[in-house]
Amino acid sequence: MPGAPTLNSANAGSGTVALAWSAPSSNGGSAITGYKVYRGTFSGGETLLTTLSLVGSWTDNGVTNGVTYYYKVTAVNGVGEGALSNERSATPATVPS
């Protein structure tokens, strides 16, 4: 199983949260093939949101302004899904014009 990725940032915009992460230091003996993003509305309450290809960033467009979202990411390879990353949170808000 791969190690945990590092979730570097969760940057909120208006109706969006842009995530960026780094690959895990250990791939568990098999190349990383993708990532899974988990989201919740309270710390530690993340559930699977989406499965992605081999990318290092993703923008969540399914968020509501004024709500704080919590994120974690896992790496996936031929062996299975690795450990959850560290947690990051962001609160999208309407950008003043």
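Selection of segment 46-69 for residues being among the β-branched types (Val, Ile, Thr) and surrounded by 14 or more Cβ atoms within 10 Å (Cβ to Cβ) yields VAL63, THR68. Taken over segment 33-45, the criterion of being open to solvent by less than 30 Å² (accessible area, probe 1.4 Å) and over 17 Å from THR91 (Cβ atoms) is satisfied by GLY34, TYR35, VAL37.
When ASN8 is tested against (1) farther than 19 Å from VAL79 by Cβ; (2) open to solvent by less than 50 Å² (accessible area, probe 1.4 Å), exactly one condition is not met: (2).
Of all residues in segment 70-90, exactly one satisfies the criterion of being among the β-branched types (Val, Ile, Thr) and open to solvent by 60 Å² or more (accessible area, probe 1.4 Å), namely VAL79. Looking across segment 1-32, the residues that are under 14 Å from PRO92 (Cα atoms) and within 15 Å of the chain's Cα centre (by Cα) come down to SER9, ALA10, ASN11, ALA12, THR16, VAL17, ALA18, LEU19.
The values are calculated or read from the model by the stated rules, or taken from the named source; none is laboratory data. Note that the structure is a prediction, hence the values are computed from the model and not measured. Every residue, glycine as well, gets a Cβ built from its backbone with ideal geometry; the counts of neighbours run over all protein chains shown. SASA here: full protein model, heavy atoms, side chains in, ligands and nucleic acids out. Shrake-Rupley method; radii C 1.70, N 1.55, O 1.52, S 1.80 Å.
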